DNA sequence: AATCGCGCCTGACGGC
DNA sequence: TGCCGTCAGGCGCGAT
C-alpha cells in the first residue's frame with residue numbers, strides 16, 4: 001500500500017519518462033475508481049506537455065499548462081511506463097499516452113485510488129486544501145505536534161495518521177516511527193511531552209528518509225514504475241513482526257490500535 | 001471540535 | 001480440490 005515513501009519512489013521513477021513529453025491521448029477503460037474519472041480528459045489533456053511531476057502527501061501531481069492531474073493510488077494502485085501498444089491487463093484502468101510511443105498506465109485492482117483533473121491551483125483543490133505539513137519539510141516541528149495534540153485523548157498513532165496533522169504516514173510507517181521514537185502507539189496523543197514529540201519528528205524523518213532510499217516497502221503488490229519491488233521491508237523493525245524478538249530481547253506484539261493492526265515492543269515503547 | 005464507524009473493492013488465505 | 005467467509009487497508013464522510 002503506497003504511503004509517502006512509495007509514492008515518492010513512484011514519482012521519482014516516472015518523472016524522467018514524463019518531463020517534457022506531450023500527452024497525445026487519454027484512454028479510460030474503467031472510470032469507476034473511488035470517484036468517477038472525469039469525462040473529457042482526453043480533450044483537456046491532448047497536446048499538453050508535462051511540465052512537472054510533483055507530490056503532495058500521497059497524491060501525485062502531473063502538471064501541465066492547462067491544468068493538473070491529481071492521482072491517488074489508494075491501496076493497490078500502481079503506475080507503469082509501457083509501450084502504448086502493450087495490451088492492457090485486468091485492472092489497467094487508465095492510459096496517458098505520450099508522444100514517444102509510450103504510455104503511463106494506471107492499474108488499481110481494488111479501485112480505492114482516484115484521478116482528478118483541475119485547471120486551478122491544485123493546492124486549492126478540495127482534497128489538498130486541508131492537508132497538514134509534509135513530514136520531510138522543516139515545516140513540521142515537534143513543538144507543532146505538541147501544541148496540536150493538547151487535549152487529544154485518541155492514540156498518538158491515530159494522531160500521526162490524521163492527514164490534517166501531518167501527511168503521508170500510513171499504517172506501516174506509523175508503527176515504525178513510534179518504535180524508533182520509543183513511544184507506545186496506544187498512548188493518548190495529549191499525554192506526550194514536547195521533548196518526546198521532537199524525538200518523534202526526528203524518528204519520522206529518519207524512517208521515511210531511509211524508506212525512500214530503499215525504494216519503499218513491498219509487502220505484496222507495490223512495485224516501482226519499472227516493475228522492481230522496494231527493499232525497505234527487510235529494514236522494518238516491528239511492522240509484520242508479531243512474536244519475533246525485538247533488539248532488546250523482548251517480543252514484538254500486535255494489537256489493533258486506531259482500527260488497524262499495530263506493531264510495537266512493549267519494553268522499548270512507553 | 002474530536003472521534004468513531006462505515007463503505008468502497010479485490011485478492012489472499014484459512015477452514016471445512 | 002474447491003467453495004466460501006473473512007480480512008486487509010486509505011481515507012472521506014456522516015453520525016455522535
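No value in this document is a laboratory result; all are computed from the given coordinates. Because the structure is predicted, anything quoted here is derived from the model rather than measured. With ideal geometry, Cβ positions are generated from the backbone for all residues, glycine too; neighbour counts draw on all protein chains shown.
Ranked for footprinting exposure by Cβ neighbours inside 10 Å, fewest first, A:58, A:157 give A:58, A:157. Per-residue extension of 0.36 nm, minus the Cα-Cα distance of residue A:89 and residue A:254, leaves a gain of 55.8 nm for this segment. Two numbers describe the Cα atoms of segment A:79-134: Rg and Dmax, which are 14.6, 40 Å.
Please grab the % of Cα pairs in chain A that end up more than 23 Å from each other.
Here the tail beyond 23 Å accounts for 54 percent of pairs.
Go ahead and set up a Gaussian network model of chain A, Cα springs under 10 Å, then flag whichever of A:60, A:128, A:79 fluctuates most. Result: A:128 has the largest fluctuation of those listed. In terms of its Cα atoms, segment A:1-160 spans 55, 31, 26 Å along the principal axes, sorted from long to short.
Shown here are the Rg and Dmax of the Cα trace of segment A:140-183, at 10.0, 26 Å. Once both axes come from the Cα atoms, what is the angle between helix A:4-18 and the longest principal axis of chain A, in degrees from 0 to 90, rounded to 10? Compared with the principal axis, the helix lies near 20 degrees. Between residue A:141 and residue A:54, the distance separating the two model label sites (each 7 Å from Cα on the Cα→Cβ line) works out to 2.4 nm. Within segment A:142-264, the ratio Rg/Rh, alpha carbon atoms throughout and Rh by Kirkwood, equals 0.98.
What fraction of the Cα pairs in segment A:185-257, stated in percent, has a spacing above 16 angstrom? Don't skip to the answer; put the middle values down first.
Working: 1696 of 2628 pairs.
Value for segment A:185-257 (Cα pairs over 16 Å): 65 percent.
Do you know the relative contact order of chain A, to the nearest whole percent, from alpha carbon pairs under 8 angstrom that are 6+ apart? Show your work: numbers first, answer last.
Details: 580 pairs, mean separation 50.4, N = 270.
That works out to 19 percent.
Scaled against the 2.2 N^0.38 Å expected of a compact globular protein of N residues, the Cα radius of gyration of segment A:100-166 reads 1.55. Spatially, segment A:135-209 and segment A:15-47 are offset by 36 Å when compared through their Cα centroids. Helix content alone sets the calculated 222 nm mean residue ellipticity of chain A: runs of n ≥ 4 DSSP H residues at -39500 (n - 2.57) each, divided across all residues, give -7500 deg cm²/dmol. With axes computed from alpha carbons, what is the tilt in degrees of helix A:194-213 against the longest principal axis of chain A, rounded to the nearest 10 within 0 to 90? The angle comes out at about 40 degrees. Ellipsoid fit via the Cα gyration tensor, segment A:229-270: semi-axes of 17, 15, 8 Å, each the root of five times an eigenvalue, largest first.
Rounded if a/c is under 1.5, else prolate if a/b is larger than b/c, else oblate: which is segment A:19-61, with a ≥ b ≥ c the root eigenvalues of its Cα gyration tensor? Walk me through the numbers before you get to the answer.
Values: a/c = 2.74, a/b = 1.11, b/c = 2.47.
Because a/c hits 1.5 or more and a/b fails to exceed b/c, segment A:19-61 counts as oblate.
Taking the C-alpha atoms only, the angle from helix A:171-181 to the longest principal axis of chain A is near 40 degrees.
Our estimate of slack between residue A:121 and residue A:235, defined as 0.36 nm per intervening residue step minus the Cα-Cα distance, is 37.3 nm.
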